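Chemist: One structure, pasted below without further comment.
Taken together, the values in this text are just the output of simple stated rules run on the coordinates, not laboratory data. Note that the structure is predicted; figures quoted are calculated from it, not measured. Cβ atoms come from the backbone with ideal geometry, glycine included; neighbour counts cover every protein chain shown.
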Ligand code: SF4
C-alpha cells in the first residue's frame, strides 16, 4: 500500500512504520495520543498510541 503523507501530522519518529521516513510526517489519516502518566505535565508525558515498530524490510 502506498504511503501518503498527512500534512497535518508532523512526526519525527522514523522508527515507526507509519512515518514517511524521508520527511517528518505521519501517513495515517488520524492518530491516537495518550499518556502513561497519572498527571501529565510536559510533552514527554504523552505518547502516540498509533506507533507500530518498523520492521527491517519496510
Ligand atoms: S503513528 Fe504516531 S509515531 Fe507513528 S508516524 Fe504517525 S504520529 Fe508518528
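Chemist: When only residues in the stretch 1-11 that are over 20 Å from residue 56 (Cβ atoms) and touching a residue at least 12 places away in the same chain (Cβ under 8 Å) count, which is nearest to the ligand (Cβ to nearest atom)?
Modeler: 11
Chemist: Follow-up question, since we're still on this one. With the structure loaded, tell me whether residue 24 is in contact (Cβ under 8 Å) with a residue 12 or more places away in the chain and touching a strand residue (DSSP E or B) at 6+ places or on another chain (Cβ under 6 Å) or whether it fails that test. Spell out the reasoning first.
Modeler: Values: in contact (Cβ under 8 Å) with a residue 12 or more places away in the chain: yes; touching a strand residue (DSSP E or B) at 6+ places or on another chain (Cβ under 6 Å): yes.
Yes.
Chemist: Within the stretch 15-51, how many residues are in a loop (DSSP other than H, G, I, E, B), surrounded by 13 or more Cβ atoms within 10 Å (Cβ to Cβ) and near the ligand (Cβ under 10 Å from one of its atoms)?
Modeler: 10
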